[in-house]
Amino acid sequence: MNTPNRIWLLIPSGRVITLFLAGLCLASLVADRAEAQIDLDRAPIHYSSTPTNDPVAKLQQRMDAGEIQLEFDERHGYLLAVLKELDISHRSQMLVFSKTSFQLRRISPRAPRAVYYNDNNYIGWVQNGDVVEISSVDPEKGAIFYTLSQQEAEEPKFIRDRGNCLTCHDSSRTQGVPGHLVRSVYTAPSGQPHFGAGTFNTDQTSPFKERWGGWYVTGTHGKQRHMGNVVSKDEDHPEELDVEAGANLVDLQGRARIGAYLTKHSDIVALMTLEHQTTMHNLITRANYETRVVQHDSAVMNRALQRPADHESETSRRRVKKVGEKLLEYMLFHNEAALEAPIAGTSGFAEEFAALGPQDSQGRSLRQFDLTRRLFKYPCSYLIYSESFDALPERVRHQVYRRLHEVLTGQDQSETFAHLSAEDRQAILEILRDTKPALAQFWDAQPASL
């Protein structure tokens with residue numbers, strides 16, 4: 001994925017390294033930090049200096065009010081309680097054996113790190129770890145990072161990160177905003193990544209063969225091969241993996257102390273969904289930030305130059321259009337890597353996830369999987385229902401709505417959306433009309449030539 005253009009005059013800052021999702025961006029630090037970075041606390045973003053409205057912040061408020069008491073478990077600490085209160089299924093479990101978390105000393109192929117998630121939260125748990133790692137999505141600010149001590153306490157507290165995590169989670173690899181990453185690395189038998197051999201930032205466009213280095217993967221995928229489940233045994237040639245040994249595994253017995261985890265799975269469908277979701281979250285946040293800054297800066301310039309308050313320069317229009325179009329393309333799965341064989345998970349994640357809906361009058365949902373040719377049956381991101389999407393500034397949200405209508409009604413027949421058949425477009429249009437009333441109302445209120 002191309003590095004987004006930098007648009008602000010910003011001040012670089014040094015920060016301590018903290019990592020969240022597996023394979024996260026340690027190897028990219030030199031390249032990314034050589035560029036100017038977004039000053040997150042300038043107007044109108046105020047990332048660190050204003051209250052957050054993410055699910056973890058809301059949970060902490062309920063805890064402070066005495067409405068909830070997190071239960072401590074001797075084996076897993078606060079993990080089970082956090083998953084319960086944030087409504088995260090244990091079936092989303094994925095296991096990461098590369099040493100790519102800040103609790104790296106406790107991670108190895110025998111003791112991988114577990115990651116759990118839902119639409120708005122990502123949880124990292126390490127055997128005998130000091131903390132539970134949490135990333136929660138604020139509708140306007142994007143990713144907010146927390147830790148929760150694994151020492152039992154009368155009043156446990158989620159501690160918000162104050163910049164350490166942003167060393168990796170605010171870079172070109174996260175669209176230049178506080179966000180999430182899924183990385184694939186060549187991993188030594190100890191779990192140490194061979195960063196010199198190269199790494200892969202993975203999303204829905206990534207070739208299958210580049211995915212899941214440093215991860216365990218349970219599930220079947222036919223003739224396709226990935227980097228998961230195996231380590232690099234040749235230190236001089238770490239890229240020479242025995243991919244056959246890691247293919248089509250449904251059982252991790254003998255590879256990890258699997259009894260320590262909530263399930264025995266590291267589900268392939270959960271991994272593929274995670275790859276879509278993390279980048280989609282980042283692109284929503286990027287569109288939010290970019291549009292708000294454009295509007296803020298335009299207002300400042302209009303006052304300074306005594307122009308009408310609603311004046312918008314051509315440059316400003318292009319900036320908003322560009323970020324909205326990039327979001328639209330990703331949410332409609334432009335350039336999605338085609339599957340060459342059917343995919344099947346092992347944990348029940350796919351069935352549970354698909355049942356979340358919402359469903360239209362015909363029982364169809366954007367959460368239904370295909371898993372034969374592509375990830376989803378109806379290729380439009382389910383995050384269109386998210387609070388983050390609804391919190392997009394009206395300027396860019398309405399632009400995406402209009403362009404979405406052009407694509408789904410067939411007015412846009414460009415090569416970019418040629419992967420969508422007429423049947424795909426019609427089905428997605430009908431699903432959205434039935435399940436997202438605000439969008440249907442917007443379309444109906446527009447001129448017939450929309």
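Side notes on the structure shown:
- Checking residue 166 against (1) aliphatic (A, V, I, L, M); (2) touching a strand residue (DSSP E or B) at 6+ places or on another chain (Cβ under 7 Å); (3) within 15 Å of residue 283 (Cβ to Cβ), the condition it does not meet: (3)
- Remark: pairs (first residue in region 326-347, over 20 Å from residue 210 (Cβ atoms); second residue modelled with pLDDT under 95 and polar (S, T, N, Q); Cβ separation under 9 Å; 6+ apart in sequence or on different chains) = 326/175.
- A search for C-beta distances below 8 Å between a residue of region 288-301 that is closer than 18 Å to residue 325 by Cβ and any residue that is β-branched (Val, Ile, Thr) and in a helix (DSSP H, G or I), counting only pairs 6+ apart in sequence or on different chains, returns 288/396; 290/320; 290/323; 290/396; 291/320; 291/323; 291/396; 294/320.
- Selection count, region 84-100, where residues are surrounded by fewer than 23 Cβ atoms within 10 Å (Cβ to Cβ) and either closer than 19 Å to residue 179 by Cα or not basic (Lys, Arg) (or both): 6
- Helices (runs of 4 or more DSSP H) wholly inside region 347-449 containing at least 1 residues that are farther than 30 Å from residue 316 by Cα and touching a strand residue (DSSP E or B) at 6+ places or on another chain (Cβ under 7 Å): 349-354
- Of all residues in region 385-402, those satisfying the criterion of being surrounded by 20 or more Cβ atoms within 10 Å (Cβ to Cβ) and touching a residue at least 12 places away in the same chain (Cβ under 8 Å) are 388, 389, 392, 396, 399, 400, 401.
- Per the listing 254, 246, the residue uniquely at pLDDT below 95 and either closer than 30 Å to residue 75 by Cα or within 22 Å of the chain's Cα centre (by Cα) (or both) is 254.
- Within region 220-239, tally of residues that are surrounded by 13 or more Cβ atoms within 10 Å (Cβ to Cβ) and closer than 18 Å to residue 338 by Cβ: 6
- Residues of region 171-209 satisfying the condition of being part of a strand (DSSP E or B) and in contact with a helix residue (DSSP H, G or I) (Cβ under 9 Å, 6 or more places away or on another chain): 178, 183, 184, 185, 193, 199, 200, 201
- Flag if residue 356 is buried (at least 16 other Cβ atoms within 10 Å of the Cβ), of a type in the set (A, V, I, L, M, F, W, C) and at pLDDT 95 or above: no
- Of everything in region 65-96 that is outside any loop (DSSP other than H, G, I, E, B) and basic (Lys, Arg), the residue that is nearest to the chain's Cα centre (by Cα) is 91.
- Residue list for region 263-299, filter: of a type outside the set (Gly, Ala, Ser), surrounded by 19 or more Cβ atoms within 10 Å (Cβ to Cβ) and in a loop (DSSP other than H, G, I, E, B): 263, 265
- Residue in region 294-313 that is within 19 Å of the chain's Cα centre (by Cα) and either among the polar types (S, T, N, Q) or assigned by TED's automatic domain parsing to the domain that holds residue 217 (or both) present: no
- Selected residue (criterion: farthest from the chain's Cα centre (by Cα)) from residues of region 334-366 that are within 15 Å of residue 204 (Cα to Cα) and of a type in the set (D, E, K, R): 340
- The single condition from (1) surrounded by 14 or more Cβ atoms within 10 Å (Cβ to Cβ); (2) within 22 Å of the chain's Cα centre (by Cα); (3) not acidic (Asp, Glu) that residue 419 fails is (2).
- Taking region 148-200 as the range and being within 23 Å of the chain's Cα centre (by Cα) and of a type in the set (Lys, Arg) as the test, the residues that pass are 160, 162, 173, 183.
- Residue list for region 361-373, restricted to those being surrounded by 17 or more Cβ atoms within 10 Å (Cβ to Cβ) and touching an Asp or Glu at 6+ places or on another chain (Cβ under 8 Å): 364
- Among the residues of region 239-257, not a single one is touching an Asp or Glu at 6+ places or on another chain (Cβ under 8 Å) and in contact (Cβ under 8 Å) with a residue 12 or more places away in the chain.
The values are calculated or read from the model by the stated rules, or taken from the named source; none is laboratory data. In this text the structure is predicted, and so the values were computed from the model without any measurement. Cβ atoms come from the backbone with ideal geometry, glycine included; neighbour counts cover every protein chain shown.
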